[in-house]
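What follows draws every value from the coordinates through simple rules; no lab data is involved. If you're wondering where the values come from, they're calculated on a predicted model, not measured in any experiment. Neighbour counts run over all protein chains shown; Cβ positions are idealised from the backbone, glycine included.
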Amino acid sequence: MEPVQISLAVVILLVLVALAFDFMNGFHDAANSIATVVSTRVLKPHQAVLLAATFNFVALFVFQLKVAATVGKGIIEPDIVDHYVVFGALIGAISWNIITWYYGIPSSSSHALIGGLVGAAVAKAGTWALIAPGLLKTVLFIVISPLLGFVLAALFLLAVSWIFARSTPARVDRWFRRTQLVTCSLYSLGHGGNDAQKTVGIIWMLLVAAGITSASAETPPAWVVIACYFTIALGTAFGGWRIVKTMGQRITKLRPYNAVCAELSGSTTLFLATTLGIPVSTTHTITGAIVGVGSAQSVSAVRWGVAGNLVLAWVLTIPCSAFISAVAWWLGRQFL
């Protein structure tokens, strides 16, 4: 692809906007990592966010950059990418994140970004600019990731119920309180590994379009990767407290033993998706897992009205962020 003429000042501005999205991603999705461990009172909120933030960053050393490659080269055609497209995508995603954070709705930052890319690309070049395989697998995992989280969580809970059938409640509670520190850390590792790479992909896309990084490079510059992982960890450390209550107790009542099952199923799903290079929603995944442990105990244990409202927010995320990004793309053309 031919590099686009983009001034260094505009590149720096857009990198900063991308990192702002990354920070907001961590801030907005902090509840995904900490809601279960806070709601069971295993950790205090400030302890939980520090633990989650630490493992968000540690993910830098664990996962390959397959999700970054999908976002940077597998959702929209690289040939149509310029600073207006990147600007539109980021503004669409950030705007939707702010709206859903304000109203305490745990929507997906990941799919807001995908919607932003789709909206800006279609606004510029039409639907031919979309890469069907990459977009299709991302859309499919809107359904697959919460479903997998649901099934695994229910199976883990049934296994735990069978294994600890003769144990006293006090012993079970004590053992799972310790175990939850491990499963919370694993989930935070998966969250950092999948979500930080989405911003890596966006910045990589911008640098290639500007001719700063070669289009044939197999990996993005190291400074981009480190900056994105550090920024999402920083965002997580500040936490999105409005969403913690919804995730932690309003969907179903959590105890340490079922919280461990939810976190273990969620982290398993995230590890699998990141290994396959699929950008998934950490929000969808942990919500599916929480509903799974609730419904495995009793269908009435799940507040299905709350879960239904979350599903509605998920369905709206990609089209709403796409619309906002298309408008932002047009505004960028006028003023950037």
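A few comments on the model shown:
- Residues whose placed amide H lies under 5 Å from that of residue 4, excluding near-sequence neighbours: 210, 211
- For residue 76, the residues whose modelled amide H falls within less than 5 Å of its own, excluding neighbours fewer than 5 places apart on the same chain, are 131.
- Angle in degrees between helix 282-297 and the longest Cα principal axis of the chain, rounded to the nearest 10: 20 degrees
- Measuring max minus min along each principal axis, the C-alpha atoms of the chain give extents of 69, 36, 32 Å (largest first).
- Calculated from backbone phi, Karplus (6.51, -1.76, 1.60) coupling profile of region 186-192 in Hz, x at Gly/Pro: 5, 5, 5, 4, x, 4, x
- Cα-based shape type of region 23-113, given that a ≥ b ≥ c are square roots of the gyration tensor eigenvalues and the cut on a/c is 1.5: oblate
- HN-Hα J in Hz across region 321-336 - Karplus 6.51, -1.76, 1.60, θ = phi - 60°, x for Gly and Pro: 5, 5, 5, 4, 5, 5, 5, 5, 4, 5, 5, x, 4, 7, 10, 7
- Under the Karplus curve 6.51 cos²θ - 1.76 cosθ + 1.60, θ = phi - 60°, whole-Hz ³J(HN,Hα) for region 6-21, x wherever Gly or Pro sits: 10, 5, 4, 4, 5, 4, 4, 4, 6, 4, 5, 5, 4, 5, 5, 4
- Taking the charge dipole of the chain about its Cα centre, with +1 at Lys and Arg Cβ atoms and -1 at Asp and Glu Cβ atoms, the residue from 55, 330, 121 reaching farthest to the positive side is 55.
- Under a 5 Å amide H cut-off, with hydrogens placed 1.01 Å from N, residue 254 pairs with nothing among residues at least 5 apart or on other chains.
- Shape of region 60-116, Cα gyration tensor, a/c cut at 1.5: oblate
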